[in-house]
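See structure below.
Taken together, the values in this text are just the output of simple stated rules run on the coordinates, not laboratory data. Keep in mind that what you see is a predicted model, and the values were worked out from it rather than measured. No Cβ is skipped: glycine too gets one built from the backbone with ideal geometry, and neighbour counts run over all protein chains shown.
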Amino acid sequence: MPEKIKEILVSCGTGVVTSTLATNRMSKMLDERGYKGMYKVTQYKIAELASKDDSGFDVIVHTTTVPSFLKTPCVNALPLVTGIGMEKVADEIIAILWPNGK
């Protein structure tokens with residue numbers, strides 16, 4: 001039976017500019033590592049995170065500070081914006097979404 005598509009929420013201050021850059025860079029790295037078609041990305045602004053925490057997302061990838069009370073695992077994606085340390089972000093996302101490999 002195929003594994004369920006993983007749900008990734010990408011968030012920034014307004015849900016547009018930096019989250020789009022982070023989404024593009026993250027998706028490229030995940031695809032290059034063989035995860036293409038195994039995940040879906042949705043973008044939201046940081047102010048909406050609290051209401052999305054129990055919405056079935058598997059991980060929140062954020063470029064700004066997130067509330068500490070979130071239950072969903074979070075990964076700081078600022079390196080996806082700066083371009084420094086991007087591989088570590090991809091490693092963290094993969095470890096959360098696919099801890100036992102593909």
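Viscosity 0.890 mPa s, temperature 25 °C: Stokes-Einstein D of the chain from its Kirkwood Cα radius, in µm² per second? Answer, rounded: 182 µm²/s. Over 19 Å apart at the Cα level, from the set LYS28/LYS88; LYS6/LYS71; LYS52/LYS88; LYS45/LYS71, are LYS52/LYS88. Given R0 = 30 Å, the distance between the Cβ atoms of VAL16 and ALA95 translates into a calculated FRET efficiency of 0.60. Going from the residue with the fewest nearby Cβ atoms within 10 Å to the one with the most, ILE8, ILE94, ILE84 rank ILE84, ILE94, ILE8. With a simple spin-label model that places each label point 7 Å from the Cα along the Cα-to-Cβ direction, the separation between SER55 and LYS28 comes to 2.6 nm.
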